[in-house]
1. When only C-alpha pairs under 8 Å and at least 6 residues apart count, what is the relative contact order of the chain, in percent?
2. Sorted by mean Cβ packing within 10 Å, highest first, what order do the peptides 75-86, 95-106, 29-40 take?
3. Can you put Thr213, Thr152, Thr253 in order, fewest other beta carbons within 10 Å first?
4. So which trypsin sites (Lys or Arg not before Pro) in segment 132-212 are both in a DSSP loop and have at most 14 other Cβ atoms within 10 Å of their Cβ?
5. Rg and Dmax in Å for the chain, alpha carbons only: what are they?
6. Given a Förster distance of 30 Å, report the FRET efficiency between Asp49 and Asp112 from their Cβ-Cβ distance, rounded to the nearest 0.05.
7. Report the relative contact order of segment 147-275, percent, no decimals, based on alpha-carbon pairs under 8 angstrom and at least 6 residues apart.
8. Would you mind computing, in nm to one decimal, how far apart the modelled labels at Lys168 and Thr202 are, each placed 7 Å from Cα along Cα→Cβ?
Amino acid sequence: MAMKIWQLVIFQSLQKQVTLACLQLIKAERQNEMNNTRFIRAVVEIELDFEKNSSVPNSSDQITSPTLKIYKDYFEVPFLQYTEQFYRQEASNFLVHNSMSEYLKKVSPWIDEELHRVQSYLHSSTLAPLIKKLEQIFIFDQLEAICTEAKTLLHNENYSDFACRLFKSSDKIPNVTVQLKKIFEDNFLPKGIQSMEQISITAINDPKLHIETILDIHKKFFKVAQNFFNNDENLIASVNKACGNFINNNAITEAANNARKSAELLARYFDILLRKGF
């Protein structure tokens, strides 16, 4: 009863001020200023204690486990709102003075800080909605700029930055990784077509040159997938798909007016190898 009176009379009348004080302390911590996280932890624990002392009847009037309604309503909802406001401003300010590559370097530390914050003094149930919010702010809201940066990095064959800053930053966000893999595939395909154009006059009647050029291109990008993307299966599938596209549609097949020209040259290549005893 005493706890119920405390909740109704004292806590509810002060909860807005208490929550605001907590959010100001969190902002100070984010800005590397001195703060008192023990106060935040104490507030969270009080709210959770209210839950423990609350009984929630179900449809059969039986007592069920406590909910997190007080914590969610009084703390988590405003915390997520303030977090969104803070990081939208931080991201915007950072991008004014820095490149997209530098921005993506910054994303990981920002997320790590928030993970530590949850582990230190928030309830673990806050983690999932917080991560979703951060992914929206840092990745989805900047997706167009990220894709532009991805194309630039791949055009310059800067695979390390593409892998470490873009691909790994979004590896848990399926919609983003699908787009980045498509960009990788679209970058690979014209390089293969260009390589075939360079040998088209000679290779149309030279099975060895034709096949070894294809193998060299595939080997190059397969190594990229291995060395920079830890053998990501979907990325390797993108390499194989792009390779199949330029094998069946390139300057040599067009010159021969025959979509099966590559297959014919492959058969001749194997015939040459067999004749040599390989």
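Just so it is clear, none of the values below were taken in a lab; they were calculated from the coordinates. Since this is a predicted model, take the numbers as computed values, not measurements. Positions of Cβ are backbone-derived with ideal geometry, glycine not excepted, and every protein chain shown enters the neighbour counts.
1. Values: 209 pairs, mean separation 34.7, N = 278.
Rounded, it is 12 percent for the chain.
2. Working: 75-86: 17.4, 95-106: 14.8, 29-40: 13.3.
Per-residue mean Cβ counts within 10 Å order the peptides as 75-86, 95-106, 29-40.
3. Least crowded to most crowded, the residues run Thr152, Thr213, Thr253.
4. Counting only loop positions with at most 14 other Cβ atoms within 10 Å, the trypsin sites (Lys or Arg not before Pro) in segment 132-212 are Lys172.
5. Rg, Dmax (Cα atoms, Å): 28.8, 95.
6. On the way: r = 29 Å, r/R0 = 0.98.
After rounding, the FRET efficiency stands at 0.55.
7. Once normalised by length, the contact order is 27 percent.
8. Going by the 7 Å Cα→Cβ label model, 4.0 nm.
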